[in-house]
Amino acid sequence: MTMPVANIDWDGLPYGLQRAVREHTGRVTGSRPDKGQRSDFNATLETASGLVFAKGAYQPLFAASLRNEAATVAWVSRIAPRLLWRIDVEGWVMLGFEHVNGRHADYRPGSPDLPLLANAVAQLSKVPLPDHVSKGVERHFGGLGAMVGNRLLHTDLHQENVLISGDRAVLVDWAWACKGAAWVEPAMAAFRLMVAGHSIDEAEDWGRGLATWQDGTVLDKFVIANYRSWRQAADHDPRDWKLRAADMAHRWSLHRNMPPR
Ligand SMILES: Nc1ncnc2c1ncn2[C@@H]1O[C@H](COP(=O)(O)OP(=O)(O)O)[C@@H](O)[C@H]1O
Ligand SMILES: [Mg+2]
């Protein structure tokens, strides 16, 4: 069974793992924990070789997702932080990334971050599919056939996985990267904008700015599958933000005259 993430701090890591990190970074003089959502360890480390963002996991599901992340980031170096090192010891996987000096994206209406997000999503749509990516995004959406495809997708572009650094949106957290149709990423991102306060029309307009956006029956099908997926997530784990997302997904389907069954 997968336990909730442990959020272990630097001092709580096994000694062999600390030593393996130090072999890459030199002395670690400080650790600033970051509230990650799906890793057992997340922190900016102050080291003899400068700042490094490190994330690690020992629970099998999360460790596997970090292996997926490590393999994927090599393909998206223009829009993601560079992977500096990777450690596999004592059941832990730990990844060290170039530290991004930035802040979380703001998805509220009128935010200057929205065109930067669009640029990053457009760049992602041109990246070839890495060989190791075999899982399809449709499996989270009841196997919806229209979502099947051979494009690399991030699928988790919420505001905390997008860092604004200068005039760029840097996409982090490729742990759940998978493959699917190219229109899926802009559709999922547009939904994130709705949850952050955009009207449905405003968010769809943002999506229309992307060459891979799809409207019509494909989007109608997605909107229903998206609602079912969020409804299931909120029923399973009724935290506020999931209930709000399920409610927004419901409103989107009504807006497109597709009352969900
Ligand atoms: N390379 C980086 N540089 C600086 N901060 C980062 C970097 N990568 C991630 N972060 C910060 O740490 C948080 C958690 O990292 P993330 O990769 O999203 O882990 P999780 O899978 O636990 O959500 C992010 O929301 C972001 O604020
Ligand atoms: Mg994250």
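Report the residue count in region 38-78 for those that are within 24 Å of L117 (Cα to Cα), touching a helix residue (DSSP H, G or I) at 6+ places or on another chain (Cβ under 8 Å) and away from ligand 1 (no atom under 12 Å from the Cβ). Counting residues in region 38-78 that are within 24 Å of L117 (Cα to Cα), touching a helix residue (DSSP H, G or I) at 6+ places or on another chain (Cβ under 8 Å) and away from ligand 1 (no atom under 12 Å from the Cβ) gives 2.
When we screen A225, A203 for residues that are of a type in the set (A, V, I, L, M, F, W, C) and within 14 Å of M248 (Cβ to Cβ), the only hit is A203. Picking from residues in region 11-30 that are outside any loop (DSSP other than H, G, I, E, B), over 13 Å from G96 (Cβ atoms) and in contact with a strand residue (DSSP E or B) (Cβ under 7 Å, 6 or more places away or on another chain), the one that is nearest to ligand 1 (Cβ to nearest atom) is G30. Residue pairs whose Cβ atoms lie under 6 Å apart, separated by 6 or more positions or on different chains, with the first residue in region 219-245 and over 24 Å from G180 (Cβ atoms) and the second modelled with pLDDT of 95 or more, are L243/A234. S65 passes every criterion in (1) over 19 Å from K35 (Cα atoms); (2) not assigned by TED's automatic domain parsing to the domain that holds T155 apart from (1). Only one entry in A146, A182, A118, A175 is in contact (Cβ under 8 Å) with a residue 40 or more places away in the chain, within 16 Å of ligand 1 (Cβ to nearest atom) and either surrounded by 17 or more Cβ atoms within 10 Å (Cβ to Cβ) or not in a helix (DSSP H, G or I) (or both), namely A175. Looking at W75, W92, just one residue is closer than 16 Å to V172 by Cα, away from ligand 2 (no atom under 16 Å from the Cβ) and buried (at least 18 other Cβ atoms within 10 Å of the Cβ), and that residue is W75.
The values are calculated or read from the model by the stated rules, or taken from the named source; none is laboratory data. As the structure is a prediction and not an experimental result, all values here were calculated from the model. A quick note on method: Cβ atoms are made from the backbone with ideal geometry, for glycine too, and the neighbour counts reach across all protein chains shown.
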